[in-house]
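Chemist: First the structure, which I've put down as structure tokens, then a few questions once you've had a look.
The values are calculated or read from the model by the stated rules, or taken from the named source; none is laboratory data. Fair warning: this is a prediction, and the values are worked out from it, not measured in the lab. Here Cβ is always computed from backbone atoms with ideal geometry, including for glycine, and neighbour counts include all displayed protein chains. Surface areas here come from the heavy atoms of the whole protein model, side chains and all, with no ligands, DNA or RNA. Shrake-Rupley method; radii C 1.70, N 1.55, O 1.52, S 1.80 Å.
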Amino acid sequence: LSSLIACFESGDEYRVLEHFYGAMSIICTQKAAYEPVLTEAYLNRAVSFIHNNYTYPVKISDVARHIGIDRTYLYKIFMMRRGISPKNYLQSVRIGAARGMLAMHIYSIAEVALSCGFSDVPGFCKSFKNATGFTPKEFARSDEAIRILPG
């Protein structure tokens with residue numbers, strides 16, 4: 001630190017820059033060493049948030065804001081670690097929960113849709129059909145729904 005102060009006092013800008021870039025190099029090297037750990041922590045927090053909140057009308061920007069990162073970085077993490085976008089991951093969690101509820105045959109399609117975070121029944125039916133190949137009603141009657149039930 002004293003050598004840096006001496007550089008300022010002497011007006012040697014190049015020496016000041018040398019110290020600055022040296023400090024930045026150390027910071028960047030240390031950040032790179034922790035990045036895989038941070039990335040995994042961000043992913044785990046995002047996945048946990050999604051599983052705990054998929055029943056609400058959450059958006060990916062809500063997930064990113066909750067863990068304190070940009071949604072573009074969240075997208076990058078999901079694609080790198082899971083091979084799926086966070087939006088598609090949220091959708092698959094919702095569809096998985098809906099499949100389980102439909103297999104129980106005790107909830108209406110509207111109840112399932114709203115319980116799984118969908119804002120309306122037509123949107124739920126379209127998403128469910130795209131994801132499973134069945135409408136919710138067809139799925140509830142199918143052999144696949146029977147295979148989901150425990151027992």
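Chemist: On the given criteria, is PHE78 touching a Ser or Thr at 6+ places or on another chain (Cβ under 9 Å), without any contact (Cβ under 8 Å) to a residue 40 or more places away in the chain, surrounded by 13 or more Cβ atoms within 10 Å (Cβ to Cβ) and among the aromatic types (Phe, Trp, Tyr)? Show your work before the answer.
Modeler: Numbers: touching a Ser or Thr at 6+ places or on another chain (Cβ under 9 Å): yes; without any contact (Cβ under 8 Å) to a residue 40 or more places away in the chain: yes; surrounded by 13 or more Cβ atoms within 10 Å (Cβ to Cβ): yes; among the aromatic types (Phe, Trp, Tyr): yes.
Spelling it out, PHE78 is indeed touching a Ser or Thr at 6+ places or on another chain (Cβ under 9 Å), without any contact (Cβ under 8 Å) to a residue 40 or more places away in the chain, surrounded by 13 or more Cβ atoms within 10 Å (Cβ to Cβ) and among the aromatic types (Phe, Trp, Tyr).
Chemist: Which of the residues spanning segment 134-143 are part of a helix (DSSP H, G or I) and surrounded by fewer than 16 Cβ atoms within 10 Å (Cβ to Cβ)?
Modeler: Let us first name the residues in segment 134-143 that are part of a helix (DSSP H, G or I), namely 136-141, 143.
Once the filter is applied, which keeps residues that are part of a helix (DSSP H, G or I) and surrounded by fewer than 16 Cβ atoms within 10 Å (Cβ to Cβ), segment 134-143 yields LYS137, GLU138, ARG141, ASP143.
Chemist: So, one more: Find the residue count for segment 62-121, including only residues that are of a type in the set (Val, Ile, Thr) and under 30 Å from GLU40 (Cα atoms).
Modeler: Filtering segment 62-121 down to residues of a type in the set (Val, Ile, Thr) leaves 63, 67, 69, 72, 77, 84, 93, 95, 106, 109, 112, 121.
Subsequent filtering for residues that are under 30 Å from GLU40 (Cα atoms) retains 63, 67, 69, 72, 77, 84, 93, 95.
Residues that pass the stated criteria total 8.
Chemist: If you don't mind, there's one more thing I want to ask. Being surrounded by fewer than 16 Cβ atoms within 10 Å (Cβ to Cβ), over 16 Å from the mean Cα position of the chain (by Cα) and touching a residue at least 60 places away in the same chain (Cβ under 8 Å): is that true of SER119 here? First the steps, then the outcome.
Modeler: On the way: surrounded by fewer than 16 Cβ atoms within 10 Å (Cβ to Cβ): yes; over 16 Å from the mean Cα position of the chain (by Cα): yes; touching a residue at least 60 places away in the same chain (Cβ under 8 Å): yes.
Yes: the conditions hold for SER119.
Chemist: Continuing with the same structure: Could you please find all residues in segment 106-133 being in contact with a Leu (Cβ under 9 Å, 6 or more places away or on another chain) and outside any helix (DSSP H, G or I)? Can you show your working first?
Modeler: As a first pass, look at segment 106-133 and keep what is in contact with a Leu (Cβ under 9 Å, 6 or more places away or on another chain): 109, 112, 117, 120-121, 124, 128.
Matches in segment 106-133: GLY117, ASP120.
Chemist: Just for segment 47-75: of the residues that are aromatic (Phe, Trp, Tyr) and in contact (Cβ under 8 Å) with a residue 60 or more places away in the chain, which one is farthest from SER119 (Cα to Cα)?
Modeler: Filtering segment 47-75 down to residues aromatic (Phe, Trp, Tyr) leaves 49, 54, 56, 73, 75.
Still in the running and in contact (Cβ under 8 Å) with a residue 60 or more places away in the chain: 54, 56.
Working: TYR54: 12, TYR56: 9 Å.
Of everything passing the filter in segment 47-75, TYR54 is farthest from SER119 (Cα to Cα).
Chemist: Take the conditions closer than 30 Å to LEU38 by Cα and within 19 Å of the chain's Cα centre (by Cα) and apply them to PHE78. Does it pass?
Modeler: Working: closer than 30 Å to LEU38 by Cα: yes; within 19 Å of the chain's Cα centre (by Cα): yes.
Yes, satisfied.
Chemist: Output the qualifying pairs, or none if there are none: Cβ atoms under 9 angstrom, residues six or more apart or on different chains, first residue in segment 81-98 and without any contact (Cβ under 8 Å) to a residue 60 or more places away in the chain, second residue in a loop (DSSP other than H, G, I, E, B) and open to solvent by 60 Å² or more (accessible area, probe 1.4 Å).
Modeler: LYS87/LYS59; TYR89/ARG82; LEU90/LYS59
Chemist: So, one more: Could you grab me the full set of residues in segment 78-105 that are within 17 Å of SER61 (Cα to Cα), among the hydroxyl-bearing types (Ser, Thr, Tyr) and assigned to a helix (DSSP H, G or I)?
Modeler: Scanning segment 78-105 gives a single hit, TYR89.
Chemist: Kindly provide the set of residues from segment 34-63 that are of a type in the set (Val, Ile, Thr), modelled with pLDDT of 95 or more and either loosely packed, with under 12 Cβ neighbours inside 10 Å or in a helix (DSSP H, G or I) (or both), ordered by number.
Modeler: If the condition is that a residue be of a type in the set (Val, Ile, Thr), modelled with pLDDT of 95 or more and either loosely packed, with under 12 Cβ neighbours inside 10 Å or in a helix (DSSP H, G or I) (or both), then VAL47, ILE50, ILE60, VAL63 are the ones that fit.
Chemist: Is it true that VAL112 is touching a residue at least 40 places away in the same chain (Cβ under 8 Å) and either open to solvent by 50 Å² or more (accessible area, probe 1.4 Å) or among the aliphatic types (A, V, I, L, M) (or both)? Break it down stepwise before answering.
Modeler: Numbers: touching a residue at least 40 places away in the same chain (Cβ under 8 Å): no; either open to solvent by 50 Å² or more (accessible area, probe 1.4 Å) or among the aliphatic types (A, V, I, L, M) (or both): yes.
No: the conditions fail for VAL112.
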